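For reference, the structure is listed below as structure tokens.
The values are calculated or read from the model by the stated rules, or taken from the named source; none is laboratory data. Note that the coordinates shown come from a computational prediction; the quantities given were computed from them, not determined experimentally. With ideal geometry, Cβ positions are generated from the backbone for all residues, glycine too; neighbour counts draw on all protein chains shown.
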Amino acid sequence: MAERLYGASRSPSRAVDHSEYLMLISLALDGMLDSDEKRRLDGHLEQCSGCRGQWLLWQAIDDKLRAAPIPVPAPGFSRSVAQRLARQERLRNLRIGVILTVFTLIVWSLGLVGVCVMAGGIVYTNLGRLEETGLFLNEVWAVAGVVGQSLWDVIVEMTATSTALGVASTYLVVVVAALAVWCVIIQRTTQPLRTRVWEK
């Protein structure tokens, strides 16, 4: 088709590179020609009927495209798309949560069954030792009770006098104050770290 358009404008003595002028026509439609290029194109269009026909055709197509109405989305389109995307995101998160919950329950159930089986095997194979351990723990409990009662009696006797009670109260106040100061120091030293973590 290009050969038919340009055949009439070609002279036998001089071959013209029409592809260059087609490029200039395209740039002219986009308003991207400088003054020299525009002058060259205008001079060629006056002499070449094929390029002139191409120029008129492309101009008509460009005018129709520019005159066509720009499609505008319906009112509320963006809101409905955003709501649909949010709904899909919620459903996806719900599915992931359900899958993770089921997987976690399965893993914990298998772990619990394994622990119960192992504990049952250990208990079954060591019944004699467990009986001995129970007797030993019973004796330890009895000794701990005696030691605890003795310590309680000592504390009661020490706090029977007002001086001992004052010393005990002072010690308790000092311990509580030291703990409070320590908590404040820990809170102040970790404050910048927590702030940086939240900013990230």
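For the reader, a short list of remarks on this structure follows.
- Residues of the range 48-65 that turn out to be part of a helix (DSSP H, G or I) and buried (at least 16 other Cβ atoms within 10 Å of the Cβ), as a count: 5
- Flag if residue 78 is loosely packed, with under 11 Cβ neighbours inside 10 Å and in a helix (DSSP H, G or I): yes
- Evaluated against (1) of a type in the set (Val, Ile, Thr); (2) modelled with pLDDT under 80; (3) assigned by TED's automatic domain parsing to the domain that holds residue 123, residue 189 falls short on exactly one condition, (3).
A quick yes/no check of all residues on (1) touching a residue at least 12 places away in the same chain (Cβ under 8 Å); (2) closer than 30 Å to residue 25 by Cβ; (3) not assigned by TED's automatic domain parsing to the domain that holds residue 24:
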position	(1), (2), (3)
47	yes, yes, no
52	no, yes, no
60	no, yes, no
90	no, no, yes
